[in-house]
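Below is one structure, written out as structure tokens; the observations come after it.
The values are calculated or read from the model by the stated rules, or taken from the named source; none is laboratory data. Remember, it's a predicted structure, so these values are computed and weren't measured experimentally. Here the Cβ positions follow ideal geometry from the backbone for every residue, glycine too, while neighbour counts run over all protein chains shown.
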Amino acid sequence: MKLLVTQALLLLTTISGCASATKPTDRFERTTPEAAGYSAEKLAELPALLAASGSDSLLLLHDGRVFFEWGDIRKKLLVHSIRKALLSSLLGMSWAEGRIDLQATLLELEIDDISPSLSDAEKRATLEQVLQSRSGVYHAAAAESEGMARERPARGAHAPGAHFYYNNWDFNVAGHVFERLAGESVHDAFTRRIAKPLGMLDWDARIVPQPAEGERIDPRADGWRQFEPEHSRYPAWHFRLSAHDLALYGQLFLERGRWDGQQLVPAEWIEMSTRPVSIVDERYGLAYGMLWDVLVPDAPDETPSFFHTGVGVHMLGVYPKHKLVLVHRVDTESRRDFDDGDLYRIIRLVHSARLPSPSSDK
């Protein structure tokens with residue numbers, strides 16, 4: 001066991017110090033775990049856990065510098081539900097430009113759906129409630145898992161704003177509203193307003209039509225829409241991103257929307273969207289804001305940490321207090337046997353590796 005830890009430490013040292021030996025083939029500088037405030041010895045336990053779990057990659061940034069990486073961080077993988085966090089920036093930009101009114105109702109936005117169509121009560125839901133997943137509209141939706149469909153409340157069970165339910169109908173409608181009011185597709189806007197300014201290396205903007213049932217999605221594709229007209233008129237829109245490019249996006253939010261001297265995403269929007277609105281699990285301090293999961297802060301004046309997962313195994317986490325961005329990826333298009341409990345073990349190990357701050361030393 002001691003030999004394995006020593007070998008892992010040597011590997012971690014090599015990875016962390018690679019910037020001094022060769023020029024990185026990506027956008028990030030490297031630093032050591034200790035300079036980032038983490039124990040290299042503790043982080044050396046990660047590779048074995050990641051390999052045993054079936055992870056594809058893990059990337060950890062402190063203040064924009066990589067202090068741990070494992071796996072192929074340049075491999076594009078389906079992000080699943082992290083697509084909602086990607087939409088957040090686009091909506092925030094349009095909101096700042098006056099194109100989007102959060103208090104506009106579904107009636108005012110002319111939102112309806114296939115039979116059974118929306119009731120007058122459902123149409124009173126605001127766009128803000130849609131983004132908070134509190135619309136009270138429990139219509140069938142595209143890309144809705146069996147579990148989501150099974151747990152979906154009955155139509156009319158809750159008034160708009162009264163109840164949180166993680167609802168793909170809300171998220172799909174949010175994408176539709178953006179496209180109609182911004183006059184640009186979600187994928188095109190992401191390319192122009194996010195991927196290019198951030199210098200994403202693996203996003204090629206290869207957007208493909210939805211494949212026919214039973215056909216394999218082009219492995220080179222970066223995005224597509226998923227239509228299920230038998231369920232809803234609003235499609236889901238999907239992304240494939242590398243861990244590297246997803247970490248760039250996380251760093252943008254850590255920097256409160258500012259990049260290379262320009263304010264890409266309004267800081268006020270990031271503050272609004274990452275504010276706890278719905279308590280999901282009081283025991284663990286888990287909440288939901290607008291298109292982001294949020295950790296309830298320990299103190300009222302503390303900036304919350306926030307994250308989004310995809311099918312419980314992908315994760316993009318932003319921890320402002322520790323200047324940390326965490327990205328974990330799994331090739332879920334090739335395998336489906338990753339235990340989501342392992343993701344929590346990985347996250348706990350990362351946080352347990354954090355060294356005590358000097359102010360806490362006695």
Filtered residue count, the stretch 42-82, keeping only those that are crowded, with 22+ Cβ neighbours inside 10 Å and part of a loop (DSSP other than H, G, I, E, B): 6
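Taking Y234, is it within 21 Å of T25 (Cβ to Cβ) and either touching a His at 6+ places or on another chain (Cβ under 9 Å) or in contact (Cβ under 8 Å) with a residue 60 or more places away in the chain (or both)?
Numbers: within 21 Å of T25 (Cβ to Cβ): no; either touching a His at 6+ places or on another chain (Cβ under 9 Å) or in contact (Cβ under 8 Å) with a residue 60 or more places away in the chain (or both): yes.
In short, no.
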Scope the stretch 201-215; condition assigned to a loop (DSSP other than H, G, I, E, B) and in contact with a His (Cβ under 8 Å, 6 or more places away or on another chain); matching residues: L201, D202, A205
Which numbered condition A174 fails, given (1) surrounded by 13 or more Cβ atoms within 10 Å (Cβ to Cβ); (2) more than 21 Å from M272 (Cα to Cα): (2)
Residue count for the stretch 323-335, restricted to those that are surrounded by fewer than 19 Cβ atoms within 10 Å (Cβ to Cβ) and either within 11 Å of the chain's Cα centre (by Cα) or closer than 17 Å to E271 by Cα (or both): 1
Enumeration of residues in the stretch 147-162 that are over 22 Å from S115 (Cβ atoms) and of a type outside the set (A, V, I, L, M, F, W, C): G147, E151, G161
Residue under evaluation Q103, criteria (1) on the phi > 0 side of the Ramachandran plot; (2) touching a Ser or Thr at 6+ places or on another chain (Cβ under 7 Å), criterion not met: (1)
Selected residue [surrounded by fewer than 18 Cβ atoms within 10 Å (Cβ to Cβ) and touching a strand residue (DSSP E or B) at 6+ places or on another chain (Cβ under 8 Å)] from P209, P153: P209
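Give me a count of the residues in the stretch 156-179 that are touching a residue at least 60 places away in the same chain (Cβ under 8 Å), part of a helix (DSSP H, G or I) and out of contact with any strand residue (DSSP E or B) (no Cβ under 7 Å at 6 or more places or on another chain).
Taking the stretch 156-179 and keeping what is touching a residue at least 60 places away in the same chain (Cβ under 8 Å), we get 164, 166, 168-169, 171-178.
Those left that are additionally part of a helix (DSSP H, G or I): 168-169, 171-178.
When the remaining residues are screened for being out of contact with any strand residue (DSSP E or B) (no Cβ under 7 Å at 6 or more places or on another chain), the result is 169, 171, 173-174, 176-178.
Residues meeting the conditions: 7.
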Selected residue (criterion: modelled with the highest pLDDT) from residues of the stretch 212-240 that are of a type in the set (K, R) and surrounded by fewer than 18 Cβ atoms within 10 Å (Cβ to Cβ): R233
Flag if S88 is over 18 Å from N167 (Cα atoms) and part of a helix (DSSP H, G or I): no
All positions within the stretch 124-150 that are surrounded by fewer than 19 Cβ atoms within 10 Å (Cβ to Cβ) and either among the polar types (S, T, N, Q) or within 25 Å of E230 (Cβ to Cβ) (or both): A140, S145, E146, G147, M148, A149, R150
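What number of residues in the stretch 104-123 are of a type outside the set (A, V, I, L, M, F, W, C), within 19 Å of F171 (Cβ to Cβ) and surrounded by fewer than 21 Cβ atoms within 10 Å (Cβ to Cβ)?
So in the stretch 104-123, the residues of a type outside the set (A, V, I, L, M, F, W, C) come out as 105, 108, 110, 112-113, 115-117, 119-120, 122-123.
Subset that is within 19 Å of F171 (Cβ to Cβ): 105, 110, 112-113, 122-123.
Now restrict to residues that are surrounded by fewer than 21 Cβ atoms within 10 Å (Cβ to Cβ): 105, 110, 112-113, 123.
Selection size over the stretch 104-123: 5.
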Residues that are within 16 Å of D293 (Cβ to Cβ), of a type in the set (A, V, I, L, M) and not in a loop (DSSP other than H, G, I, E, B), drawn from the stretch 311-358: M315, L316, V318, L324, V325, L326, V327, L343, I347
Single unsatisfied condition, R193 versus (1) free of Cβ contacts under 8 Å to residues at least 60 places away in the same chain; (2) of a type outside the set (F, W, Y); (3) in a helix (DSSP H, G or I): (1)
Criterion (surrounded by 15 or more Cβ atoms within 10 Å (Cβ to Cβ), within 19 Å of L78 (Cβ to Cβ) and at pLDDT below 95) met by exactly one of F338, F307: F338
Top-ranked residue of the stretch 256-274 - restricted to ones that are over 16 Å from R193 (Cα atoms) and either surrounded by fewer than 16 Cβ atoms within 10 Å (Cβ to Cβ) or of a type in the set (D, E) (or both), ranked as farthest from the chain's Cα centre (by Cα): E268
The lone exception for H244 - which of (1) on the phi > 0 side of the Ramachandran plot; (2) under 15 Å from the mean Cα position of the chain (by Cα) it fails: (1)
Residue count, the stretch 263-310 (criterion: of a type in the set (A, V, I, L, M), assigned to a loop (DSSP other than H, G, I, E, B) and in contact with a Gly (Cβ under 7 Å, 6 or more places away or on another chain)): 4
Residue match in the stretch 208-217 (condition: closer than 30 Å to Q263 by Cβ and not β-branched (V, I, T)): no
Filtered residues of the stretch 71-126 (kept if of a type in the set (A, V, I, L, M), under 27 Å from the mean Cα position of the chain (by Cα) and over 17 Å from R329 (Cβ atoms)): L87, L90, L91, M93, A96, I100, L102, A104, L106, L109, I111, A125
